[in-house]
Number of protein chains: 2
Amino acid sequence: MAEKIVHAIQDDYSDDYSWCYGCGKLNEAGLKLRTGWDGEKTMTVYQPRKEHMAIPGFVYGGLIGSLVDCHGTGSAALALHRKNGHEPGDGVEPPRFVTASLHVDYIRPTPQGTPLTAVGTVEEIHPKKWKVITEVYAKGVCCVKGEVIAAVMPETFTK
Amino acid sequence: MAEKIVHAIQDDYSDDYSWCYGCGKLNEAGLKLRTGWDGEKTMTVYQPRKEHMAIPGFVYGGLIGSLVDCHGTGSAALALHRKNGHEPGDGVEPPRFVTASLHVDYIRPTPQGTPLTAVGTVEEIHPKKWKVITEVYAKGVCCVKGEVIAAVMPETFTK
């Protein structure tokens, strides 16, 4: 499993679409989640802040939901970009997705103080709608499973 | 619809369980979500911060997921507390729930700059497991629907 994302899809979003609290590179207060390929899987690594707790010692579920969410839209963007013949870092602006639905199953409490690794499997439902199945690991143990249905951002979204 | 929560269930959690990033009254960096009864429905009102955006003008879905999450566990706690003969503010410590699963359907983009109101319907699945169906409104329009399965926090959670 790659430890670090070299080329993240979020690095290549246009500035207009880089303000997301979860994954926008321009949102200084945000989480700045970054999602890249790890072979045929997608990956996002994030170490929650100290304040991101449910109770002391365990990560807040809503924060993990945010990780699953942005990992999902980022993974869908990676997959459609690859289908179109592109990889992050090749200079071509990738598609931008929005979340249609988010599902998170909390399998066991997620410990604080260690990076979380989200690993995604992407499946095309139709060209503008993708499903991303995600497992979130802490110290090699899967604590959370998630599913995102991501849709290509409609032009009307910004109007 | 009540505009303000007078007695929130989170006000009555013991200090040990008041550190949640979403709804802990002691987590200074957190969202401090507060959930109370509005007749037979439950309600949480929260105005997202400026940085909680997906793109400028629209609220970040992961933040809404956090709202649905804590509104869900808070609503379950309210319902079990009422079943046990108690109401927030009566001086009895309520049960504390954890999220077993979270589902969020993003119906339409959620505008920024206005409070969001989560309205919940609570159903007992069994005495330690409750389902909370939530609708999130912005300016009276339902933008998001969610479902949380909440379980009474097991004693092992903190050991």
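Every read-out reported here was derived from the displayed coordinates using simple, explicitly stated rules and does not represent laboratory data. Source: prediction; values computed, not measured. A quick note on method: Cβ atoms are made from the backbone with ideal geometry, for glycine too, and the neighbour counts reach across all protein chains shown.
Which of B:Cys142, B:Cys23 comes first, and how do the rest follow, when ranked by fewest Cβ neighbours within 10 Å?
Listed from fewest to most nearby Cβ atoms, that is B:Cys142, B:Cys23.
Ordering A:Leu33, A:Leu67, A:Leu116 from the fewest to the most neighbouring beta carbons within 10 Å gives A:Leu116, A:Leu33, A:Leu67.
Hey, if you put +1 on the Cβ of every Lys and Arg and -1 on every Asp and Glu Cβ in the stretch A:1-127, which of A:Gln112, A:Pro56, A:Ile9 ends up farthest toward the positive end of that dipole? Farthest along the dipole direction, towards plus: A:Pro56. Taking only the alpha carbons of the protein assembly as shown, we obtain Rg and Dmax values of 18.9, 63 Å in that order. Across peptide A:25-31, the mean count of Cβ atoms from other chains lying within 10 Å of each residue's own Cβ comes to 2.
For chain A, a Gaussian network of Cα nodes joined below 10 Å ranks A:Thr114, A:Thr44, A:Thr35 by mean-square fluctuation, and the top entry is A:Thr114.
Using all pairs of distinct alpha-carbon atoms, the Kirkwood hydrodynamic radius of chain A works out to 15.5 angstrom. Relative to the longest principal axis of the Cα atoms of chain B, helix B:61-83 runs at roughly 30 degrees. Arranged from fewest to most other beta-carbon atoms within 10 Å of their beta carbon, B:Met43, B:Met153 become B:Met153, B:Met43.
How much FRET efficiency would the formula 1/(1 + (r/R0)^6) give for B:Asp16 and B:Cys142, where r is the Cβ-Cβ distance and R0 is 41 Å, rounded to 0.05? Show your work: numbers first, answer last.
Values: r = 36 Å, r/R0 = 0.87.
After rounding to 0.05, the efficiency reads 0.70.
This model, with +1 at the C-beta of Lys and Arg and -1 at the C-beta of Asp and Glu, gives chain B a dipole about its Cα centre of some 380 debye. Cross-link partners for B:Lys83 among the aspartates and glutamates, with Cα-Cα distance under 13 Å and sequence neighbours closer than 8 places in the same chain left out: B:Glu40, B:Glu123, B:Glu124.
Between A:Val141, A:Val122, A:Val68, the Gaussian network model of chain A with springs among Cα atoms under 10 angstrom shows the greatest mean-square fluctuation at A:Val141.
When the helices of chain B are scored as -39500 (n - 2.57) per DSSP H run of n ≥ 4 and the total is divided over every residue, the value at 222 nm lands at -5000 deg cm²/dmol. The charge dipole of the protein assembly as shown, taken about its Cα centre with unit charges on the Cβ atoms of Lys, Arg (+1), Asp and Glu (-1) only, comes to about 100 debye.
For B:Lys25, the lysines whose Cα falls under 18 Å of its own Cα, not counting residues fewer than eight places away in the same chain, are A:Lys50, B:Lys4.
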